[in-house]
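First up is the structure itself, then whatever we jot down about it.
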Amino acid sequence: MKKFFSIAAMMLMVVCTTMTAQVSGVKADDGWALNVEMQGSLSNSKTPLWLNANKHGISSLNAQNGYVRGIGAWDKKFADGKLDLNAGLDVIVPLGYKSQGYKERYTNHLVLQQAFVEANYKLGTLTIGSKHQPMELINNELSSGAQTLGINARPVPQVRIGLNDYWSIPYTKKWVAVKAHMAYGVMTDGGWEETFAAGSKYKYNKNTRYHEKAGYLRIGKEEVFPLTLTIGLQMAAQFGGKMYKYDNKKNAYNETNVRCNFSTYWHAFTGTGAEESEEGTEYQNAEGNHLGSWVVRLNWKAKAWEAGVYMDHYFEDHSGMLFLDYDGYGKGADWNKKVDSRYFRYDLKDFLLGFDVKLKNFKYVNQAVVEHIASRYHSGPIYHDHTKGMSDHICGRETFYGHSSMPGWQHYGQFIGNPLYLSPIYNTDGYVGPRCDRFKAWHFGIAGEPVSGLRYRAKLSWQKGWGTYNAPYTEPKENTSLLLEAAYKFPEKSVLNRFTATIGYGADWGELRGNNSGMQFTVLYNPLPTPAKGRKK
């Protein structure tokens, strides 16, 4: 009851201040900036999908939850703007954020959501710490989410270096440009995993190392012709740390130090195999958990509107990445040697295909998104490593977002990629992994600003899931999820001119996530005047 009254008081503060606006951060411009944010959510069961997902992990499935949040930013420019130094601190005090796992007992009393320092020189950027990073090539407000580098989970502390914008390749007259980044970090959810899995006998990990990289090639020159084509490759890896597997004989977990040295960092970058197999077999696999996406976008930018078609093909290994895998092993004494030029070909059946549009002169609906997701193939239903008796090598039955020894593509229970994959926080048995990674889905989103200061968005998703290859559902499970949200920024002449308020309604229907409905209220307050002290006018 005490928790309920705390959340109710927070929500009362929100309602009295009027509506909401979901803000992920604050940006300083050559000075200081500060935001204070409060949120309260009430649901009849679990928090509905779109009140919980794609919020950088700032969310909970509990029927009553909320938070108080402070976000500060500092920015300073040097050398006529060529050098830009900035830093950010984002601290959250959550309420009702207990885990939904085997034992509901883990919650943070204080969440350090973002803490970073960053240096930008011309197009180069160096970031150290935890920072929210936007999704590339898709609408961050309305899309269901990227399949590899999404915005669904809490950020991983890392050292990241890259280009903050596209760099034109010399001698192409700005018709060809590239953008790229690379990062190494450490996942911080080991305590969450341990408590989530406690008593369940499922494995968990601590201090897992993290790596991501991405590169994008853009062809086109919008000021000459409005059509551009962008092709990109996003890749990530998990390696090192400690792995805990349950020993039934000892009735306790065994701790294993997963190999972590200079070579493992190199293997994470190149995606090459380890010196020896972690699984204790004769096969050499890529070290750790490797995954990624091919992304492509064809975009048309006119004066009054902009539209694009895009695709995100997710993969877990070479069979999904290259659509080919080597299948020319010998027999007998040569059973593990490559003797023939023979390959097994895989089909392109797993993808996110989308279309979005932006309208500059139509305020009632100025953005729209339609997406279709297919995730049932996973390189086929058969997996067979070549053996002494059978040389055929077929790499199907992939588990998207999961892994046998690493934590899987999640952080604090939320999948780092697309939230339509059923995140571990929905599991009630302590399993830190996917329970439904084979599904098809349709997703729709619209947004607009019918009057000055008032912005709305609506999202609707339908999906049909078949579980996983290893644990399929006896019957497919369907789910429909809805979001209706409105945000109001009070006008400058109002006494509430430093407030933005948002109200959201969400609902789920179906067996996959259950029947949930709820409201979410958020108030954002900017205590500094505009322009802030130290900020240029």
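The values are calculated or read from the model by the stated rules, or taken from the named source; none is laboratory data. Keep in mind that what you see is a predicted model, and the values were worked out from it rather than measured. Here the Cβ positions follow ideal geometry from the backbone for every residue, glycine too, while neighbour counts run over all protein chains shown. Only protein heavy atoms, including side chains, enter the accessible area calculation; ligands, DNA and RNA are left aside. Shrake-Rupley method; radii C 1.70, N 1.55, O 1.52, S 1.80 Å.
Within segment 53-73, the set of residues being more than 19 Å from L524 (Cβ to Cβ) and touching a residue at least 40 places away in the same chain (Cβ under 8 Å) comprises A53, L61, A63, Q64.
If the condition is being open to solvent by 10 Å² or more (accessible area, probe 1.4 Å), in a strand (DSSP E or B) and touching a Phe, Trp or Tyr at 6+ places or on another chain (Cβ under 9 Å), then segment 35-74 contributes N35, V36, M38, L42, Q64, G72, A73, W74.
Checking the stated criteria, G101 turns out to be over 14 Å from G88 (Cβ atoms), open to solvent by less than 30 Å² (accessible area, probe 1.4 Å) and either of a type outside the set (D, E, K, R) or modelled with pLDDT of 95 or more (or both). If you go through segment 300-344 and pick out every residue that is over 19 Å from Y377 (Cα atoms), modelled with pLDDT of 85 or more and open to solvent by 10 Å² or more (accessible area, probe 1.4 Å), you end up with 9.
Do we have S405 as modelled with pLDDT under 95, in contact with a strand residue (DSSP E or B) (Cβ under 7 Å, 6 or more places away or on another chain) and among the hydroxyl-bearing types (S, T, Y) here? When the stated conditions are applied, S405 passes them. Scoring L348 on the criteria (1) touching a Phe, Trp or Tyr at 6+ places or on another chain (Cβ under 8 Å); (2) outside any loop (DSSP other than H, G, I, E, B) leaves a single failure, condition (2). Based on this model, can you work out whether W466 counts as touching a Pro at 6+ places or on another chain (Cβ under 6 Å) and either free of Cβ contacts under 8 Å to residues at least 40 places away in the same chain or more than 27 Å from V156 (Cβ to Cβ) (or both)? It is true that W466 is touching a Pro at 6+ places or on another chain (Cβ under 6 Å) and either free of Cβ contacts under 8 Å to residues at least 40 places away in the same chain or more than 27 Å from V156 (Cβ to Cβ) (or both).
Does segment 456-472 include one or more residues that are open to solvent by 60 Å² or more (accessible area, probe 1.4 Å), closer than 24 Å to N139 by Cβ and assigned to a loop (DSSP other than H, G, I, E, B)? Checking segment 456-472: not a single residue is open to solvent by 60 Å² or more (accessible area, probe 1.4 Å), closer than 24 Å to N139 by Cβ and assigned to a loop (DSSP other than H, G, I, E, B).
Scanning segment 399-411 for any residue that is in contact with a Leu (Cβ under 8 Å, 6 or more places away or on another chain), of a type outside the set (K, R), assigned to a strand (DSSP E or B) and at negative phi turns up nothing. Of all residues being modelled with pLDDT under 95 and either open to solvent by 70 Å² or more (accessible area, probe 1.4 Å) or more than 33 Å from the chain's Cα centre (by Cα) (or both) in segment 345-354, which is nearest to H318 (Cα to Cα)? Just the residue, please. Only one residue tops the list, namely R345. Suppose we filter segment 305-333 for residues that are part of a strand (DSSP E or B), within 30 Å of D437 (Cα to Cα) and hydroxyl-bearing (S, T, Y); how many remain? Selection size over segment 305-333: 3. The set of residues from segment 495-514 being part of a loop (DSSP other than H, G, I, E, B) and crowded, with 18+ Cβ neighbours inside 10 Å comprises R498, L512, R513.
The set of residues in segment 387-414 that are under 19 Å from L61 (Cβ atoms) and touching a Lys or Arg at 6+ places or on another chain (Cβ under 6 Å) comprises H411, Y412. Being buried (at least 18 other Cβ atoms within 10 Å of the Cβ) and either over 18 Å from the mean Cα position of the chain (by Cα) or at pLDDT 95 or above (or both) holds for only one residue in G96, G81, and it is G96. Residues in segment 162-181 that are free of Cβ contacts under 8 Å to residues at least 24 places away in the same chain and either in a helix (DSSP H, G or I) or open to solvent by 60 Å² or more (accessible area, probe 1.4 Å) (or both): P170, Y171.
Within segment 371-392, one or more residues are part of a loop (DSSP other than H, G, I, E, B), at pLDDT below 95, in contact with a Leu (Cβ under 9 Å, 6 or more places away or on another chain) and surrounded by fewer than 23 Cβ atoms within 10 Å (Cβ to Cβ).
Tell me, which residue of segment 399-413 that is of a type outside the set (G, A, S) and open to solvent by 10 Å² or more (accessible area, probe 1.4 Å) is farthest from A197 (Cα to Cα)?
T399
Flag not set for G396, criterion: under 17 Å from the mean Cα position of the chain (by Cα) and either basic (K, R) or open to solvent by less than 10 Å² (accessible area, probe 1.4 Å) (or both). Tell me yes or no: at least one residue of segment 334-345 is farther than 30 Å from E449 by Cα, in contact (Cβ under 8 Å) with a residue 40 or more places away in the chain and part of a loop (DSSP other than H, G, I, E, B). Within segment 334-345, one or more residues are farther than 30 Å from E449 by Cα, in contact (Cβ under 8 Å) with a residue 40 or more places away in the chain and part of a loop (DSSP other than H, G, I, E, B). Of everything in segment 221-270 that is free of Cβ contacts under 8 Å to residues at least 12 places away in the same chain and polar (S, T, N, Q), the residue that is most open to solvent (accessible area, probe 1.4 Å) is N251. I'd like to know if segment 134-149 contains one or more residues that are in a strand (DSSP E or B) and open to solvent by less than 40 Å² (accessible area, probe 1.4 Å). Within segment 134-149, not a single residue is in a strand (DSSP E or B) and open to solvent by less than 40 Å² (accessible area, probe 1.4 Å).
Here are some residues: Y421, Y431. Which one is open to solvent by 30 Å² or more (accessible area, probe 1.4 Å) and either assigned to a loop (DSSP other than H, G, I, E, B) or in contact (Cβ under 8 Å) with a residue 24 or more places away in the chain (or both)?
Details: Y421 fails: open to solvent by 30 Å² or more (accessible area, probe 1.4 Å).
The match here is Y431.
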